[in-house]
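Enquirer: Take this structure first; my questions come after.
The values are calculated or read from the model by the stated rules, or taken from the named source; none is laboratory data. Computed from a predicted model, the values in this text were never measured in an experiment. Cβ placement follows ideal geometry from the backbone for every residue including glycine, while neighbour counts extend to all protein chains displayed.
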Amino acid sequence: MARYTGESCRVCRREGEKLFLKGSRCYTDKCAITRRAYAPGQHGQKRKKQSEYGMQLREKQKAKSFYGVLESQFRKYFEEASRRKGVTGTNLLQILESRLDNVVYRLGFATSRAQARQLVRHGHFTVNGVKVNIPSYLTKVGDEIKVKEASANNEIFKQIVEENEKGRPVPAWLESNLAGRTGKIVAVPAREEIDLPVQEHLIVELYSK
């Protein structure tokens with residue numbers, strides 16, 4: 001299945017949650033959820049009773065949209081999470097959080113995960129001094145992420161840093177130096193440090209059928 005290329009705000013409205021797919025716009029009154037807090041389409045305002053399967057499916061779709069991954073990728077992450085020790089649902093979220101595009105976004109070097117994916121693909125970042133242009137690259141504790149020297153003074157990074165210095169918090173499992181264009185992963189994120197509005201146990205139940 002190809003990646004969704006339609007209007008991002010429709011995804012948030014379909015899930016009934018802010019998934020922060022449009023960067024700074026999501027924090028303003030222009031956010032679609034703020035203006036139209038119902039599903040898109042002709043019958044969007046009608047209440048629909050969901051089955052157990054429907055609720056599980058929606059939680060999975062919500063998580064996929066939040067991180068911008070395809071079904072095949074998501075299933076591979078779930079399989080890896082189920083092999084690891086600990087709670088499968090929490091393991092899954094920790095794997096998703098460790099994606100390079102997500103880490104770049106969390107560090108404040110992009111205003112959205114979509115923008116982070118694009119910047120990574122264009123080769124603007126290094127991990128431990130080596131250029132990495134794969135958004136799905138899984139980082140680990142101790143990794144240092146840095147904007148390439150040739151890109152550090154790029155106007156786009158100046159704008160991003162200026163915008164993110166105004167308030168979007170960096171999670172405790174990361175260290176970010178916006179001025180120096182560097183960041184480091186200092187710990188594995190705990191579940192309470194992952195602000196994903198999803199019930200991951202429903203995803204586990206869906207894939208366990």
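Enquirer: State all residues of the range 152-180 that are of a type in the set (Gly, Ala, Ser) and either assigned to a loop (DSSP other than H, G, I, E, B) or at pLDDT 90 or above (or both); if no residue qualifies, say none.
Expert: Matches in the range 152-180: Gly167, Ala172, Ser176, Ala179, Gly180.
Enquirer: How many residues, within the range 106-159, are under 19 Å from Ser65 (Cβ atoms) and touching a helix residue (DSSP H, G or I) at 6+ places or on another chain (Cβ under 8 Å)?
Expert: Of the residues in the range 106-159, 12 are under 19 Å from Ser65 (Cβ atoms) and touching a helix residue (DSSP H, G or I) at 6+ places or on another chain (Cβ under 8 Å).
Enquirer: Take Glu80 and tell me if it is farther than 23 Å from Arg168 by Cβ, out of contact with any strand residue (DSSP E or B) (no Cβ under 8 Å at 6 or more places or on another chain), among the acidic types (Asp, Glu) and modelled with pLDDT of 95 or more.
Expert: Against the criterion (farther than 23 Å from Arg168 by Cβ, out of contact with any strand residue (DSSP E or B) (no Cβ under 8 Å at 6 or more places or on another chain), among the acidic types (Asp, Glu) and modelled with pLDDT of 95 or more), Glu80 qualifies.
Enquirer: Follow-up. What are the residue pairs meeting all of these: first residue in the range 155-184, first residue within 18 Å of Glu144 (Cβ to Cβ) and without any contact (Cβ under 8 Å) to a residue 40 or more places away in the chain, second residue aromatic (Phe, Trp, Tyr) and surrounded by 14 or more Cβ atoms within 10 Å (Cβ to Cβ), Cβ atoms under 8 Å, and 6 or more apart or on different chains?
Expert: none
Enquirer: If you don't mind, there's one more thing I want to ask. Here are Val147, Val127: which of them is surrounded by 13 or more Cβ atoms within 10 Å (Cβ to Cβ), touching a Lys or Arg at 6+ places or on another chain (Cβ under 9 Å) and over 28 Å from Ser72 (Cα atoms)?
Expert: Val147
Enquirer: Which condition from (1) of a type in the set (S, T, N, Q); (2) closer than 20 Å to Ala172 by Cα; (3) surrounded by fewer than 20 Cβ atoms within 10 Å (Cβ to Cβ) is the one that Gln118 breaks?
Expert: Among (1) of a type in the set (S, T, N, Q); (2) closer than 20 Å to Ala172 by Cα; (3) surrounded by fewer than 20 Cβ atoms within 10 Å (Cβ to Cβ), Gln118 violates only (2).
Enquirer: Another question about this same structure. For the range 79-125, which residues satisfy the criterion of being among the acidic types (Asp, Glu) and either in contact with a Gly (Cβ under 9 Å, 6 or more places away or on another chain) or farther than 18 Å from Leu196 by Cα (or both)?
Expert: Glu79, Glu80, Asp101
Enquirer: Another one. Can you spot a residue in the range 126-133 that is among the charged types (D, E, K, R), free of Cβ contacts under 8 Å to residues at least 40 places away in the same chain and assigned to a helix (DSSP H, G or I)?
Expert: Scanning the range 126-133, I find no residue that is among the charged types (D, E, K, R), free of Cβ contacts under 8 Å to residues at least 40 places away in the same chain and assigned to a helix (DSSP H, G or I), so the answer is no.
Enquirer: A further question follows. Counting only residues that are within 11 Å of Leu100 (Cα to Cα) and in a loop (DSSP other than H, G, I, E, B), how many does the range 134-151 have?
Expert: Total meeting the criteria: 7.
Enquirer: Does the range 179-200 contain at least one residue that is exposed (fewer than 14 other Cβ atoms within 10 Å of the Cβ), on the phi > 0 side of the Ramachandran plot and either more than 17 Å from the chain's Cα centre (by Cα) or not aromatic (Phe, Trp, Tyr) (or both)?
Expert: no
Enquirer: Moving to a separate point now. Output the qualifying pairs, or none if there are none: Cβ atoms under 6 angstrom, residues six or more apart or on different chains, first residue in the range 59-83 and farther than 14 Å from Pro135 by Cβ, second residue in a helix (DSSP H, G or I) and of a type in the set (Phe, Trp, Tyr).
Expert: From the range 59-83, the pairs are Lys64/Phe74; Phe78/Tyr207.
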